[in-house]
2 protein chains.
Amino acid sequence: MYNRILLAVDLTDESIKVANKAVGLCKATGAKLTILHVIESLNYAYGGDVPIDITDIQAQLQDTAKERIAILEDQIDAPVEECCITQGGIESEIHRIAEEKQVDLIVVGSHCRHGLALLLGSTANGVLHGAPCDVLAIKVVKD
Amino acid sequence: MYNRILLAVDLTDESIKVANKAVGLCKATGAKLTILHVIESLNYAYGGDVPIDITDIQAQLQDTAKERIAILEDQIDAPVEECCITQGGIESEIHRIAEEKQVDLIVVGSHCRHGLALLLGSTANGVLHGAPCDVLAIKVVKD
């Protein structure tokens, strides 16, 4: 049914719940699992004149992501084909990696937030829009 | 993993593709399948003074839906727990039935349309938003 599942995680505490659903599907369908975390590009508020050393921050974000994705991989009760950390726009990176790895299902957490997010739409909505394959949105917080 | 899957279909030609994915998941996870079709409420452009007999049209829509859902059920290679036809807003009816039947996954087709739909969002996006459970959006048309 599915051969290759891309699990996109934000590496928050809830990621393990989303991961467990993806793992369950991998086991049920025999699909291989790739984990992806996208580090959102920093928006530099200052033109070229950045008052802090961005390179350090980027490296730090990268290190933290590496540590957290390794912890997640340890918690997961299934073999992981590959762990990817990329940088850019969240939705566009998920779509890009999904195409590159030729996955047939993207699994993503769907957070219930109220207020502004209701108007702006969630990451899950953004991922759904223009995805190259099926998308499974895992409900993370109950209404 | 999933116990009860709600397959929401618009009963177009593509519904069988979406249904087959839902059936595959039911087989893989042992979940029971409920099929739902929502007849969108007609917007009466005229206040109380409707120049045509709406009752007939509603009955006709209901009959067509019944026929088509029966054909779909025949095409599906799995037992169907229940077929529901309801009337109202598509997203709100899907959410309502999902809660009523206590499903843990909604499966819905995700159409790729360009232009206005890009701004307005698809039914799949609408279903995702505020869903009481996980949502699997099946890619129907390739980009």
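Only the coordinates and a few stated rules stand behind these numbers; no lab work does. Values in this document were obtained by computation on a predicted structure and should not be read as measured data. Heads up, the Cβs are rebuilt from the backbone with ideal geometry, glycines too, and the neighbour counts pull from every protein chain shown.
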Quote the charge dipole size of segment B:4-139 about the Cα centre in Debye, to the nearest 20; the model charges only the Cβ of Lys and Arg (+1) and of Asp and Glu (-1).
600
Sequence gap at least 6, Cα distance under 8 Å: using those rules, report the relative contact order of segment A:4-139 to the nearest whole percent.
32
I need the Kirkwood Rh of segment A:4-139: take the reciprocal of the average 1/r across all distinct C-alpha pairs and report it in angstrom.
15.7
Inter-copy distances for A:Ile71, label 7 Å out on the Cα-Cβ vector, sorted ascending, nm, one decimal, are 5.4
Considering only the label points, 7 Å along Cα→Cβ from Cα, what distances in nm to one decimal separate B:Ile16 from the same position in each other copy, shortest first?
4.5
Determine ³J(HN,Hα), in whole Hz, for all residues of segment B:99-108 in sequence, where each value follows from phi through the Karplus function 6.51 cos²θ - 1.76 cosθ + 1.60 and θ = phi - 60°; x replaces Gly and Pro.
5, 4, 8, 6, 6, 10, 8, 9, 10, 9
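Hey, got the average number of other protein chain Cβ atoms within 10 angstrom for residues in B:28-41?
Mean shielding by partner chains, rounded to a whole number: 1.
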Quick query: amide H of B:Lys139 versus all other amide H atoms, modeled in the peptide plane; which residues come in under 5 Å with a sequence gap of 5 or more or a different chain?
A:Asp134, A:Val135, B:Ser110
Would you mind checking which residues have amide H under 5 Å from B:Cys84's amide H? H placed 1.01 Å from N; only 5 or more apart, or other chain.
B:Ile35, B:Leu36, B:His37
